[in-house]
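S.K.: Structure in structure tokens, see below.
The values are calculated or read from the model by the stated rules, or taken from the named source; none is laboratory data. Small disclaimer: the values here were computed from a predicted structure and weren't measured. All Cβ positions, glycine included, derive from the backbone under ideal geometry; neighbour counts span all protein chains shown.
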Amino acid sequence: MAKQVIYLDNAATTAVSKTALEAMLPYLAEQYGNPSSVYSVGREAKAGLEKAREQMAKALGCNPREIYFCGCGSEADNWAIKGAAYAGRKKGKTKIVTSCFEHHAVLHTCKALEKEGFEVVYLPVDAEGIVCMDAFYEAVDETCAVVSVMYANNEIGTIQPIGEMAAYCKEKKVLFHTDAVQAVGHLPIHLQGSGIDLLSLSGHKFHAPKGVGALYIRGGVLLPNLIEGGAQERSRRAGTENVAGIVGMGAALTEAVASMEENSSKMKKLQDKLIDGLLQIEHTRLNGSRTKRLPGNANVSFEGIEGESLLLMLDMNGICASSGSACTSGSLDPSHVLLSIGLTHEVAHGSLRLSLSENTTEEEIDRVLEVVPQVVERLRSMSPLWEKIKNSEN
Amino acid sequence: MYSEKVMEHFANPHNVGEIENADGVGEVGNAKCGDIMRMYLKIDNGMITDAKFKTFGCGAAIATSSMATDLVKGKSIDDALKLTNKAVIEALDGLPPVKIHCSVLAEQAIKAALRDYYVKNGIDPTPFLGEETNSCDHCDHCGH
Ligand SMILES: Cc1ncc(COP(=O)(O)O)c(C=O)c1O
């Protein structure tokens, strides 16, 4: 029996849009040249690349010369943080400030730098999933090589006070990086005059293909290279460019920015319906601020059940979602993000993230609100913890 | 990642529930690690006439609970004492390496229920079951 799939894992990755795909196809077929070559097929590829750079710059409110294409969001994070750290060390700055609930692309990079002798401060976040600004002001000073705080969290969708942090870093003459992988294409961002020095993005979170990203490096900021080799990206990031992917990313971001307001209000409506509906289930909590939140993100915990079995049962009903349980995080602990906002291990194991796209329909949300309560009830009926929870205060 | 057999037992687990006035009840695991198994046994004349379980945990935790209770139902206590996590894994056509600990818990839950049965009947379980084990109490799986 073929089942219609309801895809609600758009924070993990998105479908390539028709616009992006159509923009890419010529670069996978006839315009296959190497952009560094002098003959015409190469020049056409180069033109595609530069057009995409202009599209990115326009969408982000910066200069095209500040956009550097690279392999993915993780690479952009590594480049930004390692680059800024090494540049800072030359000036005697050996402190790095980040938050405790960053993506692993940032956290593991910071851990690696700690091993090289950098001091790293991991800022706490409050119960709503917002970085504690008191701790930020205490930690950030002239000895910092870089401050790196994510624009919006990938698990709970909470939006951080980036403007305030960037302004303070500017005042303290400290480089400010933000991992905006979840924000670009979904929140309005205007880089010029923002105080942001470095910003990471990844195409596959806004309907471009996987395996293409970019780092914004503000004009005048000098970073050592992460990938050495040829003279691509004005000698700052070597490697023959993923031309089709880059062209797709330019087209996808242009489209996302053009329809952002419309998409956002549509998604927010469905998000509200979804969150309200899920919270009808007893002993359920919303993870992360209700208001300072990406328009497509819903993250809840159901007490008494475990996330992997929840996902498997949703999958049997054609619903694709994700969870922060240990069994699905691929590590031994439940999600560090959910623990950081104060959830106990038990409650973190029972979390569910549903992330919408502008293509999500009301019918799909209705179906989810029909299936999830049944699945939760079924798992709770099998759970040795449920009796006790049910009889306690909600 | 899971075999068809595991998915079968996960989608339609056998023996879910509780047994009122069970002759042996055993619980292992811990909520912090994300798995708890509680097993109930009905025992008549040295035979396990019924087995039920309640489990909080991942797909493999539920499937191994289902299979382990199936494997001891209708068996003598002596046979149930010989249950191994390997037998549970084989009966499920294999488990992914990271889920092996679920089969260990399932074996331990059955044995904890048998231990309870012996204790309730005034018999020292140590000769049959050795010292008490709950792999989650000193578990290197999740480090808690
Ligand atoms: C916040 C955040 N940072 C970084 C990444 C990594 O991006 P990529 O998959 O392109 O390496 C992701 C994607 O999972 C993310 O959500």
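S.K.: Among the residues of the stretch A:21-34, is there at least one that is part of a loop (DSSP other than H, G, I, E, B) and either within 14 Å of chain B (Cβ to nearest Cβ) or within 16 Å of the ligand (Cβ to nearest atom) (or both)?
M.R.: No, the stretch A:21-34 contains no residue that is part of a loop (DSSP other than H, G, I, E, B) and either within 14 Å of chain B (Cβ to nearest Cβ) or within 16 Å of the ligand (Cβ to nearest atom) (or both).
S.K.: With respect to the numbered conditions (1) outside any helix (DSSP H, G or I); (2) at negative phi; (3) away from chain A (no Cβ under 14 Å), which one is the sole condition not fulfilled by residue B:116?
M.R.: (1)
S.K.: Considering only residues that are at the interface with chain B (Cβ under 10 Å from one of its Cβ atoms) and touching a residue at least 40 places away in the same chain (Cβ under 8 Å), which ones fall in the stretch A:312-330?
M.R.: Across the stretch A:312-330, the qualifying residue is only A:313.
Yes/no per residue for (1) modelled with pLDDT under 95; (2) within 18 Å of the chain's Cα centre (by Cα):
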| residue | (1), (2) |
| --- | --- |
| A:293 | no, yes |
| A:305 | no, no |
| A:313 | no, no |
| A:329 | yes, yes |
| A:342 | no, no |
| A:352 | no, yes |
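S.K.: Just the residues that are among the charged types (D, E, K, R) and more than 26 Å from residue A:207 (Cβ to Cβ), please, taken from the stretch A:249-289.
M.R.: Matches in the stretch A:249-289: A:276, A:282, A:285.
S.K.: May I ask you to list the residues in the stretch B:36-66 that are surrounded by fewer than 24 Cβ atoms within 10 Å (Cβ to Cβ), away from chain A (no Cβ under 14 Å) and touching a Leu at 6+ places or on another chain (Cβ under 9 Å)?
M.R.: B:43, B:49, B:50
S.K.: Taking the stretch A:378-394 only, how many residues are in a helix (DSSP H, G or I) and touching a residue at least 60 places away in the same chain (Cβ under 8 Å)?
M.R.: Looking only at that region, the number is 6.
S.K.: If I go through the stretch B:76-88 residue by residue, how many of them are part of a helix (DSSP H, G or I) and free of Cβ contacts under 8 Å to residues at least 24 places away in the same chain?
M.R.: The number of residues fulfilling the criteria is 4.
S.K.: Okay, moving on. Hey, can you tell me all the residues within the stretch A:289-304 that are within 14 Å of chain B (Cβ to nearest Cβ), among the small types (Gly, Ala, Ser) and not in a loop (DSSP other than H, G, I, E, B)?
M.R.: Across the stretch A:289-304, the qualifying residue is only A:301.
One line per residue, one yes/no per condition, for (1) within 14 Å of another protein chain (Cβ to nearest Cβ); (2) within 11 Å of the ligand (Cβ to nearest atom); (3) under 18 Å from residue A:250 (Cβ atoms):
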residue: A:165; (1), (2), (3): no, no, no
residue: A:170; (1), (2), (3): no, no, no
residue: A:182; (1), (2), (3): no, yes, no
residue: A:192; (1), (2), (3): no, no, no
residue: A:195; (1), (2), (3): no, no, no
residue: A:223; (1), (2), (3): no, no, no
residue: A:232; (1), (2), (3): no, no, yes
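S.K.: Now, a different point. Among the residues of the stretch A:137-159, which ones are of a type in the set (Asp, Glu) and not in a loop (DSSP other than H, G, I, E, B)?
M.R.: Matches in the stretch A:137-159: A:138 only.
S.K.: Inside the stretch A:187-232, can you point out the residues that are polar (S, T, N, Q) and either more than 14 Å from residue A:177 (Cβ to Cβ) or outside any loop (DSSP other than H, G, I, E, B) (or both)?
M.R.: A:192, A:200, A:202, A:225, A:232, listed by residue number.
S.K.: For the stretch A:334-349, give me each residue that is under 16 Å from residue A:132 (Cβ atoms), touching a residue at least 60 places away in the same chain (Cβ under 8 Å) and either among the hydrophobic types (A, V, I, L, M, F, W, C) or in contact with a Lys or Arg (Cβ under 6 Å, 6 or more places away or on another chain) (or both).
M.R.: A:337, A:341
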